[in-house]
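> Take a look at the following structure, please.
The values are calculated or read from the model by the stated rules, or taken from the named source; none is laboratory data. Predicted, not measured: the structure shown is a model, and the values here were computed from it. Here the Cβ positions follow ideal geometry from the backbone for every residue, glycine too, while neighbour counts run over all protein chains shown.
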Amino acid sequence: MTLSYLKAGRLKQWLGRPDSPAFLRECKALFDKAFGERSDNHPAASAFGPVPDHLKTVIRGPQIALRATHTVNGVVYSRTSTHIGNSLVVFYPGGNHSSCPVPGSIQHIVFYSNHDVVFVVQRQVSAPPGQLDPYADYPHFPARIYSNSLSPKLEIVRPNWVVSHYARWAIDKDLAVVLILSRVC
């Protein structure tokens, strides 16, 4: 498997060279079209359909496309059913950058026909009041104690509201440690 992966990587690098012959550039265009590589990350027109009933409370519009992943500036975001680690995001609620970012899990990635993209997110529930947080004394270590569950409420998060991913470790059935994985503190 490793050898196949390396060969595929070398082929992709070779096809992507700017000085490659014209026939190889045509092959790359065919590969990209056949295997879904799109420079704008936008789904094909045939992927759009009506809003599913369970999303009608938060999503407006006649036609949407649901995707498993979305890439922004080289960072991959996924719905939780596709990849739990890439679904865990820290974001500014309502896009308010003056508020503290909160952790949540992407449940759906929604594309509109006008190329707008939103994440449908469930927030990580705060720890119960009075819960001791051993990480609170270390402001330069971005870990905090939270409940091990997600809020049942769905909310819209735009990709530019996202600060970073986070890691979640369940320390028992009720509590989890949330560690913000921001590259910039």
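> Give just the number: which of (1) modelled with pLDDT of 75 or more; (2) outside any helix (DSSP H, G or I) does His54 not satisfy?
Going through (1) modelled with pLDDT of 75 or more; (2) outside any helix (DSSP H, G or I) one by one, His54 breaks only (2).
> Residues of the range 88-101 being among the hydrophobic types (A, V, I, L, M, F, W, C) and surrounded by fewer than 19 Cβ atoms within 10 Å (Cβ to Cβ), which ones?
Cys100
> Could you check, for the range 30-45, whether at least one of its residues is modelled with pLDDT of 90 or more and either part of a loop (DSSP other than H, G, I, E, B) or not assigned by TED's automatic domain parsing to the domain that holds Glu155 (or both)?
Residues of the range 30-45 that are modelled with pLDDT of 90 or more, as a first pass: none.
No - not one qualifying residue is present in the range 30-45.
> Another question about this same structure. For the range 77-93, give me each residue that is closer than 16 Å to Asn160 by Cβ and either β-branched (Val, Ile, Thr) or without any contact (Cβ under 8 Å) to a residue 40 or more places away in the chain (or both).
Hits for the range 77-93 are Val89, Val90.
> So, one more: Can you find, within the range 103-127, the residue that is farthest from the chain's Cα centre (by Cα) among those that are over 18 Å from Leu150 (Cβ atoms) and free of Cβ contacts under 8 Å to residues at least 40 places away in the same chain?
Once the filter is applied, the top-ranked residue is Asn114.
> From Thr57, Thr82, grab the single residue that is in contact with a strand residue (DSSP E or B) (Cβ under 8 Å, 6 or more places away or on another chain) and of a type in the set (S, T, N, Q).
Unique residue meeting the criteria: Thr82.
> Turning to a different aspect of this structure: Please enumerate the residues belonging to the range 117-138 that are exposed (fewer than 12 other Cβ atoms within 10 Å of the Cβ) and among the charged types (D, E, K, R).
Applying the first criterion (exposed (fewer than 12 other Cβ atoms within 10 Å of the Cβ)) to the range 117-138 yields 128-130, 132, 134, 136-138.
Within the range 117-138, Asp137 is the sole residue that qualifies.
So that you can scan it fast, the table gives a plain yes or no per residue for (1) in contact with a helix residue (DSSP H, G or I) (Cβ under 7 Å, 6 or more places away or on another chain); (2) farther than 18 Å from Val58 by Cβ; (3) outside the structural domain of Ala47 (by TED's automatic domain parsing):
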{"residue": "Ser105", "(1), (2), (3)": "yes, no, no"}
{"residue": "Val110", "(1), (2), (3)": "no, no, no"}
{"residue": "Val121", "(1), (2), (3)": "no, no, no"}
{"residue": "Leu132", "(1), (2), (3)": "no, yes, no"}
{"residue": "Asp137", "(1), (2), (3)": "no, yes, no"}
{"residue": "Ser149", "(1), (2), (3)": "no, yes, no"}
{"residue": "Lys153", "(1), (2), (3)": "no, no, no"}
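> Just name the residue that is surrounded by the most Cβ atoms within 10 Å (Cβ to Cβ) out of those in the range 142-184 that are closer than 20 Å to Gln131 by Cβ and within 14 Å of the chain's Cα centre (by Cα).
Tyr166
> Of the numbered conditions (1) touching a Pro at 6+ places or on another chain (Cβ under 6 Å); (2) more than 18 Å from Arg168 (Cα to Cα), Gln124 fails exactly one; give the number of that condition.
Gln124 satisfies every listed condition except (2).
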